[in-house]
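Everything on this sheet refers to the single structure shown next.
Throughout, read-outs are computed from the coordinates displayed, never taken from laboratory work. Computed from a prediction, not measured in an experiment: that's the story for all the values here. Here Cβ is always computed from backbone atoms with ideal geometry, including for glycine, and neighbour counts include all displayed protein chains.
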Amino acid sequence: MAHTYTPGLKVAERELITKKRILPLKGDVIVEVGDKVEPDDVVARTHLPGLVETMNVANILGLPPEDVPGCMLKKEGDEIKEGEVIGMAKSFFGLFKSEAKSKIEGTIETISQVTGQVLLRGKPVPVEVRAYLRGEVVEIFPQEGAAVRTWGSFVQGIFGIGGETHGELKVVVPAADTILLKEMIDESCQGKIIVGGSLVTADALKRAIEVGAAGIVAGGFSDRDLRDFLGYDIGVAITGSEDLGVTLVITEGFGEIAMAHKTFDLLKSKEGQSACINGATQIRAGVIRPEVIIPMEGDINEKFEKVAAHETGLQVDSVIRVIRAPYFGRIGKVVDLPSPLQVLGSESKARVLTVSFDGGEPIVIPRANVEMIED
């Protein structure tokens, strides 16, 4: 029987999660298959080439370009220190001399007798890739990284900022529809992942940074506050590289939107446990969702029965979230999936579904306006 697939966010009580931890360049993998790792454990490391600095030594020494190699005190590949003299030229029977001093610490990359320029390469930048999860190494990618696997609860968000971090979950609101205010955040939130309700205010976000909270998970956030907080519009670029001092994961959308009860109840049931979150988001091709992972004990080789969301598709009784006005952010249950195309208010034709919010009167909505919340 044919079915309809509607992409959506996953909220799972128990999921076998695997994360590939890959270096940006080839390097050294320092773990082995079977190793138990913690989030801060380094699994691989490498060095990124330093930045290149150009020096026009011909101009500095007042020489034609072809004479520059003969006046260099340092050769290609030699190490240099910032302020060190790397080239010298004497004039007027040796009474006067000109010096070229290095702008950076690093090495001499190239010396050109055509342009008279010298390229300096800064010191290599060390890069380490950490496990991110508490789990077990299940695969090694030589010179590239490793895969870490764990059982855990899993929540996908709709938008986030900030990179990977971890901390103990702390719920500071009484209900899923409560606004997260700065007064709810104190020094006890240091190093914690704060769970809010419907909206996290800009003041609350700033307060979280002040007390040293690791992250915030909430239902919604104001797009105006986001723009003011970052100082620029996000646009369609990938997020996750922001250095804000806190990672933010939004589960529902922009504005005051109550966190889905299923999501809130799951996070509340895990309060006090360690969670790993990542705010990285990309909304174009190669979609990346922000996430909350709560690792749990369990044999990663354990067999379990599961029906994947893409196998079942959108069905009657599926839980969906509306992603466009006028019901944006509301969560309901599908009560009917009529097959024929129907004429919309815009006079265009589209496939629709009938949804009920909190058991209320059924409402007809275009299928393109919803996303499925996967179990």
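Testing the spin-label approximation: label points 7 Å from Cα along Cα→Cβ at Val125 and Ser91. State their distance in nm.
Roughly 3.8 nm, to one decimal.
Please give the charge dipole size of the stretch 309-372, origin at the Cα centre, charges +1 on K and R Cβ atoms and -1 on D and E Cβ atoms. Round to the nearest 20 debye.
On the way: 7 positive and 7 negative charges, 41 e Å.
The calculation lands at about 200 debye.
So what is the relative contact order of the stretch 309-372, in percent, for Cα pairs below 8 Å that sit 6 or more residues apart? Numbers along the way, then the final one.
Numbers: 109 pairs, mean separation 19.9, N = 64.
Computed value for the stretch 309-372: 31 percent relative contact order.
To the nearest 20 debye, what is the magnitude of the charge dipole of the chain about its Cα centre, counting +1 on the Cβ of each Lys and Arg and -1 on the Cβ of each Asp and Glu?
Working: 41 positive and 55 negative charges, 139 e Å.
Magnitude of the dipole: close to 660 debye.
Relative contact order of the stretch 32-124, please, whole-number percent, based on alpha carbon pairs below 8 angstrom and at least 6 residues apart. Before the final figure, lay out the partial values.
Values: 176 pairs, mean separation 32.9, N = 93.
Worked out over the stretch 32-124, it gives 35 percent.
Enter the per residue convex hull volume of the chain, computed from alpha-carbon coordinates, in Å³ rounded to the nearest integer.
214
Any number yet on Rg/Rh for the stretch 309-372, C-alpha, Kirkwood? Don't skip to the answer; put the middle values down first.
Values: Rg = 11.3 Å, Rh = 11.9 Å.
With Rg and the Kirkwood Rh in hand, the quotient comes to 0.94.
So for the chain, taking the charge dipole from beta-carbon charges (+1 Lys/Arg, -1 Asp/Glu), which of Val292, Val11, Met372 sits furthest toward the positive end?
The Cα lying farthest towards the positive end belongs to Met372.
Only counting other Cβ atoms within 10 Å, I'd like Phe96, Phe264, Phe328 sorted with the fewest neighbours first.
Details: Phe96 9, Phe264 26, Phe328 15.
Final ranking by Cβ density, sparse to dense: Phe96, Phe328, Phe264.
Mind checking which lysines have their Cα closer than 17 Å to the Cα of Lys333? Skip sequence neighbours fewer than 8 apart in that chain.
Excluding near neighbours in sequence, the set is Lys10, Lys262.
Obtain the nm distance between the two label points defined at Glu187 and Lys26 by a simple spin-label model: each point lies 7 Å from its Cα along the Cα-to-C-beta direction.
Output for this residue pair reads 5.2 nm.
How high is the relative contact order of the stretch 186-267? Use alpha-carbon pairs under 8 Å, at least six apart in sequence, and give a whole percent. Spell out each step's value before the answer.
Values: 130 pairs, mean separation 29.6, N = 82.
Relative CO of the stretch 186-267 lands at 36 percent.
Could you calculate the FRET efficiency of Ala175 with Lys10 from 1/(1 + (r/R0)^6), where r is the beta carbon distance between them and R0 is 22 Å, rounded to 0.05?
Working: r = 23 Å, r/R0 = 1.05.
Computed FRET efficiency for Ala175 and Lys10: 0.45.
With a Förster radius of 30 Å, plug the Cβ-Cβ distance of Lys349 and Asp233 into 1/(1 + (r/R0)^6) and report the FRET value to the nearest 0.05. Walk me through the numbers before you get to the answer.
On the way: r = 35 Å, r/R0 = 1.16.
Using R0 = 30 Å, I get an efficiency of 0.30.
Give me the count of lysine pairs in the stretch 27-147 whose alpha carbons sit under 12 angstrom apart, restricted to pairs 8 or more positions apart or on different chains. Write out the running numbers ahead of the final one.
Values: Lys74/Lys101; Lys81/Lys101; Lys81/Lys103; Lys81/Lys123.
Final tally of qualifying lysine pairs is 4.
Under a 5 Å amide H to amide H cut-off, with H placed in plane at 1.01 Å, what residues pair with Glu168 once short-range neighbours are removed?
It is Ile193, Ala275, by chain and number.
Provide the gained length on full extension for the span Lys75 to Phe328, in nm with one decimal, where the gain is 0.36 nm per separating residue minus the Cα-Cα distance.
Details: separation 253, 0.36 × 253 = 91.08 nm, distance 6.47 nm.
Gain on extension, Lys75 to Phe328, equals 84.6 nm.
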